[in-house]
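The values are calculated or read from the model by the stated rules, or taken from the named source; none is laboratory data. Keep in mind that this is a model prediction, so the values were computed, not measured. Reconstructed Cβ throughout: ideal geometry from the backbone, glycine too, with neighbour counts over all protein chains shown. For accessibility, only protein heavy atoms count, side chains too; no ligands or nucleic acids. Shrake-Rupley method; radii C 1.70, N 1.55, O 1.52, S 1.80 Å.
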Amino acid sequence: VDFALVNAAATVTRDGDTISEVKIAIGAIHTPPIRVTDAEDMLRGQVPTDALLAKAADAVAAQVNPRKDARASQDYLRHCAGVVARRAVRSAFERGEI
């Protein structure tokens, strides 16, 4: 049996090359999943460059407070939360409404 260490979901609405609306949730390290509003606020109204997505990933890592897990350290889980959130936002943006 495999259990997720961390997961993320994102929805993005585009206005051309700009993120007009974004919502990001992080799960598995939190019960229930939480919204990471600091990262959402950072991304809204912006063009999602690699540098901006890296800053948003850092904001996610700073906002989450993982529960203790025997499989991974809290620092690693914070890092993973940022990584999967960045990937979710990028993927959602690429599929987003224009």
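Looking across segment 28-46, the residues that are closer than 16 Å to R78 by Cβ and either open to solvent by less than 30 Å² (accessible area, probe 1.4 Å) or of a type in the set (F, W, Y) (or both) come down to A28, I29, V36, A39. Filtered by the rule that a residue be within 14 Å of A56 (Cα to Cα) and among the hydrophobic types (A, V, I, L, M, F, W, C), segment 13-29 gives I19, V22, I24, A25, I26.
In this structure, V83 does not qualify as within 14 Å of T11 (Cα to Cα) and either of a type in the set (G, A, S) or open to solvent by less than 50 Å² (accessible area, probe 1.4 Å) (or both). Looking across segment 47-80, the residues that are under 17 Å from G27 (Cα atoms), of a type in the set (K, R) and open to solvent by 100 Å² or more (accessible area, probe 1.4 Å) come down to R67, K68, R71.
Of all residues in segment 10-33, exactly one satisfies the criterion of being among the aliphatic types (A, V, I, L, M), out of contact with any helix residue (DSSP H, G or I) (no Cβ under 6 Å at 6 or more places or on another chain) and modelled with pLDDT of 95 or more, namely A25.
Within segment 23-44, how many residues turn out to be assigned to a loop (DSSP other than H, G, I, E, B) and over 14 Å from T11 (Cα atoms)? Residues in segment 23-44 being assigned to a loop (DSSP other than H, G, I, E, B) and over 14 Å from T11 (Cα atoms): 6 in total. Say whether the condition of being more than 14 Å from the chain's Cα centre (by Cα), part of a helix (DSSP H, G or I) and not basic (K, R) is met by at least one residue in segment 9-20. No - not one qualifying residue is present in segment 9-20.
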